[in-house]
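Reviewing the structure listed below.
The values are calculated or read from the model by the stated rules, or taken from the named source; none is laboratory data. Only a predicted model underlies this, so the values are computations on that prediction, with no experimental measurement involved. Counting neighbours? That spans all protein chains shown, and the Cβs are built from the backbone with ideal geometry, glycine included.
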Amino acid sequence: MLVVVRHAQSMANAGFATADPESIALTAAGEEQARALAMTWSAAPDRIFTSPFLRARQTSQPLAERFKMVVAPLGVHEFTYLSPERCVGTSAADRKQWVEDYWSRCDPNYVDGPGAESFAQLVARAARSLRILKSYSAHEQLVVFSHGQLMQAMRWICGSKAPSVVNAAAMGAFRKLDLDQPIAHCQRVSFK
């Protein structure tokens, strides 16, 4: 069984300005959420994977420490659709218009700048991550610590509304899903 978990509350989620997407840490509340999450497992999973981004790694640590496990990195990092270069020192509120502009453009192949990823690249990466994870035995319990939009892409790919082609309509449908059914901090999404 595959369980993907969104990271706990981060500094960016709490409205703080951040330097880059990879180094965003958890808040004190997020650290507590991660500890509480670890206690919900009654038995050790077979494997733990995490995004290389700090907030996901920090969320995985209490579970790994509880069961004395090693956490393996996997390319399940957040969808960075805005170029990190122009976002240095900004908060979510500062980036709000850029976010709206990105999604209004509705171009699945658009790359905002260095370090950014297109929507089509996100979907391909999510599909690749699912293939890697599903290559493990169906009898193993895998826990993966990741990020909201990457998890949405995985859920979307596995769902009944997944498109056969990643085009503007598909991108719009994904955005609607993401806004209508957001994934909460520490929420688990199971895949078979």
Problem set entry | Residue count for region 107-163, restricted to those that are among the hydroxyl-bearing types (S, T, Y) and closer than 21 Å to N13 by Cβ | 1
Exercise. How about region 39-71: which of its residues are touching a residue at least 24 places away in the same chain (Cβ under 8 Å), in a helix (DSSP H, G or I) and either farther than 13 Å from V3 by Cα or aromatic (F, W, Y) (or both)?
Worked result: L54, R55, A56, R57, Q58, T59, Q61, P62, L63, E65, R66
For this session: State whether one or more residues within region 94-113 are at pLDDT 95 or above, among the aromatic types (F, W, Y), surrounded by fewer than 16 Cβ atoms within 10 Å (Cβ to Cβ) and over 27 Å from A25 (Cα atoms).
Result: yes
Exercise. Among Y81, Y136, Y110, which is of a type in the set (S, T, Y) and free of Cβ contacts under 8 Å to residues at least 24 places away in the same chain?
Worked result: Y110
For this session: Quickly run through region 136-169 and pick out the residues that are surrounded by 15 or more Cβ atoms within 10 Å (Cβ to Cβ), in a helix (DSSP H, G or I), out of contact with any Phe, Trp or Tyr (no Cβ under 8 Å at 6 or more places or on another chain) and at pLDDT 95 or above.
Result: G148, M151
Problem set entry | Residue selected from region 12-36 under the condition touching a Ser or Thr at 6+ places or on another chain (Cβ under 7 Å) and without any contact (Cβ under 8 Å) to a residue 24 or more places away in the chain, by the criterion farthest from P182 (Cα to Cα) | T27
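When you scan region 57-84, how many residues do you find that are under 24 Å from R95 (Cα atoms), out of contact with any Lys or Arg (no Cβ under 7 Å at 6 or more places or on another chain) and surrounded by 18 or more Cβ atoms within 10 Å (Cβ to Cβ)?
Going through region 57-84 one residue at a time, the tally reaches 6.
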Exercise. Of all residues in region 1-56, how many are within 19 Å of G115 (Cβ to Cβ), among the small types (G, A, S) and either in contact with a Pro (Cβ under 7 Å, 6 or more places away or on another chain) or crowded, with 19+ Cβ neighbours inside 10 Å (or both)?
Worked result: 4
Exercise. Do any residues in region 156-176 that are within 18 Å of Q121 (Cβ to Cβ) and free of Cβ contacts under 8 Å to residues at least 24 places away in the same chain have Cβ atoms under 7 Å from those of residues that are basic (K, R) and assigned to a loop (DSSP other than H, G, I, E, B), where the two are at least six apart or on different chains, and which pairs are they?
Worked result: A173/K161
